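> What follows is a single structure, and I will ask about it in a moment.
The values are calculated or read from the model by the stated rules, or taken from the named source; none is laboratory data. Computed from a prediction, not measured in an experiment: that's the story for all the values here. Counting neighbours? That spans all protein chains shown, and the Cβs are built from the backbone with ideal geometry, glycine included. Accessible surface is based on the protein model in full, side chains and every heavy atom, while ligands, DNA and RNA are left aside. Shrake-Rupley method; radii C 1.70, N 1.55, O 1.52, S 1.80 Å.
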Amino acid sequence: MWLPAGPRRRVAAVHGDSPLPERLRFYDGWAAQYEEDVAALEYRAPSLAAASLASAFPAPPAGARLLDVACGTGLVARELHRRGFRCLHGVDGSAGMLERARSTGLYRELRRCVLGPEPLPAPAEHYDAVTVVGALGEGQVPSAAVTELLRVTKPGGFLCMTTRSDPSNLRYKAELEAALERLEAQGAWRKVLAQEVERWERATAEGDSTQGTGYISGVVYVYQKCPLSPLEEG
């Protein structure tokens with residue numbers, strides 16, 4: 001059974017190649033319906049990412065400072081809070097999404113930032129963990145921006161990222177994984193987890209469906225920043 005036309009159209013629109021200002025205006029207008037739409041999508045990335053990060057975390061996370069990049073309305077924050085994370089900061093490019101995130105009361109700090117064109121508004125080695133869930137994909141955050149995620153993470157800290165594995169995102173996924181592997185080869189971080197998940201979310205196009213299931217697959221990555229990073233030394 002396919003998604004209703006409205007949510008299908010809105011979800012598909014954010015993965016296009018429209019100019020950045022137009023996409024941000026779209027997100028501002030979508031904020032009020034966003035959670036209803038992703039519920040119809042059966043979007044599992046926030047819970048899967050939060051569970052993966054919590055499993056990797058070596059100590060009780062209540063005091064850990066975490067940055068939720070592309071935080072949207074706060075779906076990831078809700079899942080992290082359930083798993084004991086309390087010191088949450090968030091950034092997003094959409095003022096409308098940030099307004100919704102602020103209403104959750106889960107974030108200690110929220111700031112506007114478009115990752116890729118802009119650096120993250122944080123000093124180096126500031127966070128114990130960084131998440132970016134749902135924004136690493138075609139037409140969204142460029143894969144090269146993972147170095148900026150690494151910059152703001154403390155040595156020994158964790159980074160949790162997700163992307164989709166449907167046909168329309170395979171080129172981006174290959175670029176992203178090449179960037180992740182390059183940084184690991186440089187000794188910047190070590191891979192903790194790369195988990196493929198079959199029923200990631202419902203497909204918005206018949207051609208994206210995995211073997212006619214009506215769903216697409218996705219992947220969760222968790223990396224740990226090495227104590228001495230070549231990027232920092234350079």
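> Give the residue that is farthest from residue 78 (Cα to Cα), with candidates limited to residues of region 99-115 that are open to solvent by 70 Å² or more (accessible area, probe 1.4 Å) and in contact (Cβ under 8 Å) with a residue 40 or more places away in the chain.
99
> Further question: All but one of (1) in contact (Cβ under 8 Å) with a residue 40 or more places away in the chain; (2) surrounded by fewer than 20 Cβ atoms within 10 Å (Cβ to Cβ); (3) among the acidic types (Asp, Glu) hold for residue 118; which doesn't?
(1)
> From the list 96, 137, pick out the single residue that is in contact with a Phe, Trp or Tyr (Cβ under 8 Å, 6 or more places away or on another chain), more than 22 Å from residue 44 (Cβ to Cβ), touching a residue at least 60 places away in the same chain (Cβ under 8 Å) and open to solvent by less than 60 Å² (accessible area, probe 1.4 Å). Don't jump to the end; show me each part of the working.
On the way: 137 fails: more than 22 Å from residue 44 (Cβ to Cβ).
Just a single option satisfies the conditions, and that option is 96.
> Determine whether region 50-72 contains at least one residue that is touching a residue at least 24 places away in the same chain (Cβ under 8 Å), among the β-branched types (Val, Ile, Thr) and farther than 18 Å from residue 159 by Cα.
no
> Within the set of pairs 6+ apart or on separate chains, which have a first residue in region 20-45 that is more than 16 Å from residue 6 (Cβ to Cβ) and hydrophobic (A, V, I, L, M, F, W, C), a second that is modelled with pLDDT of 95 or more and not in a helix (DSSP H, G or I), and C-beta atoms under 6 Å apart?
Going by the 6 Å Cβ cut-off, the qualifying pairs are 24/93; 24/94; 45/133; 45/162.
> As an exercise: evaluate residue 201 against (1) crowded, with 19+ Cβ neighbours inside 10 Å; (2) acidic (Asp, Glu); (3) under 25 Å from residue 112 (Cα atoms) and give the number of the one condition it does not meet.
Failed condition: (3).
> So residue 152 passes all but one of these: (1) surrounded by 23 or more Cβ atoms within 10 Å (Cβ to Cβ); (2) among the β-branched types (Val, Ile, Thr); (3) in contact with a His (Cβ under 6 Å, 6 or more places away or on another chain). Which condition number does it fail?
(1)
> Now a separate question. Give me the helices (runs of 4 or more DSSP H) completely within region 4-91, filtered to those with at least 1 residues that are surrounded by fewer than 17 Cβ atoms within 10 Å (Cβ to Cβ), of a type in the set (Lys, Arg) and at pLDDT 95 or above, ordered by residue number.
Details: elements: 5-13, 20-41, 45-56, 75-82.
Because the criterion is at least 1 residues that are surrounded by fewer than 17 Cβ atoms within 10 Å (Cβ to Cβ), of a type in the set (Lys, Arg) and at pLDDT 95 or above, the helices (runs of 4 or more DSSP H) in region 4-91 that meet it are 75-82.
> Quick one: which helices (runs of 4 or more DSSP H) sit completely within region 118-234 and have at least 2 residues that are of a type outside the set (D, E, K, R) and modelled with pLDDT under 95? Step through it out loud before you land on a result.
Numbers: elements: 146-151, 170-185, 230-233.
Qualifying helices (runs of 4 or more DSSP H): 230-233.
> Scan region 93-117 residue by residue and report those that are outside any helix (DSSP H, G or I), charged (D, E, K, R) and out of contact with any Ser or Thr (no Cβ under 9 Å at 6 or more places or on another chain). Quick ask: steps written out before the conclusion?
Filtering region 93-117 for residues outside any helix (DSSP H, G or I) gives 93-94, 104-117.
Filter once more, keeping what is charged (D, E, K, R): 108-109, 111-112.
Correct list: 108, 109, 111.
> Check region 198-209 and report whether any residue there is hydrophobic (A, V, I, L, M, F, W, C), farther than 21 Å from residue 47 by Cα and touching a residue at least 12 places away in the same chain (Cβ under 8 Å).
Filtering region 198-209 down to residues hydrophobic (A, V, I, L, M, F, W, C) leaves 200, 203, 205.
Next, from what is left, pick out any that are farther than 21 Å from residue 47 by Cα: 205.
When the remaining residues are screened for being touching a residue at least 12 places away in the same chain (Cβ under 8 Å), the result is 205.
Looking through region 198-209, at least one residue is hydrophobic (A, V, I, L, M, F, W, C), farther than 21 Å from residue 47 by Cα and touching a residue at least 12 places away in the same chain (Cβ under 8 Å).
> Continuing with the same structure: Name every residue in region 204-216 that is in contact with a Ser or Thr (Cβ under 8 Å, 6 or more places away or on another chain) and open to solvent by less than 20 Å² (accessible area, probe 1.4 Å), in order of residue number.
Residue satisfying the conditions is 216 alone.
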